[in-house]
Structure formats: structure tokens, C-alpha cells
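The next block holds one structure in the form of C-alpha cells; read it before the comments.
The values are calculated or read from the model by the stated rules, or taken from the named source; none is laboratory data. All of these numbers come straight from a predicted model, not from anything done at the bench. Counting neighbours? That spans all protein chains shown, and the Cβs are built from the backbone with ideal geometry, glycine included.
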């Protein structure tokens, strides 16, 4: 039985490294949520702060929500990177990096306490996802017609 190295191109390594970069980015966002928990006094297991009980609830919830939304989108991003990258590793690497940059601005904008700021540059992350989707569709179609 062959190994993954037998059918993946050398450039697929870039896809793998970008996925690891996103994992590091995710850990950083989690650290920011932990810092916000201490700063705004929102203790575990509370997921979101209640505005009736905490005057800084909105500020904490914006940090938490920025990370939570990134977690919600992570499976989509990962599967599109993994599959699309099998046929288009360099394109997916570029799109994956673009997505991470957009997510950074999404998170930092959201964490400002003004949810609208997440959309200034962060909204362009969906363009990266659309590109990754096209690469993945191309991979699927190529498998069917080969």
C-alpha cells in the first residue's frame, strides 16, 4: 500500500503548513479569550457574559464571539484546504493565507467591542473560502472525468 507522499505533490507541504499556522492562530485567539475572561471577570463554565450581571459583558462577548465564529468556520476551511489543495496546492496555500489574514482582522475588529469593525477587512475571508470551494470542485470534477 502506498503512502500519502506517493500521490501528493511536494507543494502540498505548503497546504499542511498553512493549516498548522491556522491552528497556531486559533490558539492565539483562545489565549485572547482567556485574557478577556480575567479582565472582565467571566469565569468558567460561563460561555457568554450576561449584561444584567456584568457591566463589561458586551466587551467580553465580542472577544468570545470572534473566536467562536472562527471555530464554527474552521471545519469548512480545513476540508476545503485539504481537498482543494490536493489538486491546486499553491492556489490553496495563497487563499488559505489570505483567509487567515482576513480572520485576524475579523477577530481583532470584533474584539474591539464594536461588532461592525469585524467586517472592515474580515468580510473578505469569504472570498478566500469561495476560491477554496472552486479548487475543491475542480478536484472533484477531475476525479470524475479522469
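Couple of notes before you dig in:
- In this structure, residue 77 qualifies as closer than 19 Å to residue 18 by Cα, modelled with pLDDT of 95 or more and touching a helix residue (DSSP H, G or I) at 6+ places or on another chain (Cβ under 7 Å).
- Residues of the stretch 18-54 that turn out to be closer than 30 Å to residue 89 by Cα and touching a helix residue (DSSP H, G or I) at 6+ places or on another chain (Cβ under 8 Å), as a count: 8
- Restricting 83, 129 to residues that are within 25 Å of residue 8 (Cα to Cα), in contact with a helix residue (DSSP H, G or I) (Cβ under 6 Å, 6 or more places away or on another chain) and either in a loop (DSSP other than H, G, I, E, B) or touching a residue at least 24 places away in the same chain (Cβ under 8 Å) (or both) narrows the list to 83.
- Filter result for residue 106 (part of a helix (DSSP H, G or I), surrounded by 19 or more Cβ atoms within 10 Å (Cβ to Cβ) and in contact (Cβ under 8 Å) with a residue 24 or more places away in the chain): yes
- When 76, 141 are screened for being more than 30 Å from residue 34 (Cα to Cα) and in a helix (DSSP H, G or I), only 141 passes.
- When the residues of the stretch 38-70 are filtered to those that are buried (at least 18 other Cβ atoms within 10 Å of the Cβ) and over 17 Å from residue 25 (Cα atoms), the one that is nearest to the chain's Cα centre (by Cα) is 62.
- Candidates 113, 94, filtered to the one that is surrounded by fewer than 19 Cβ atoms within 10 Å (Cβ to Cβ) and part of a loop (DSSP other than H, G, I, E, B): 113
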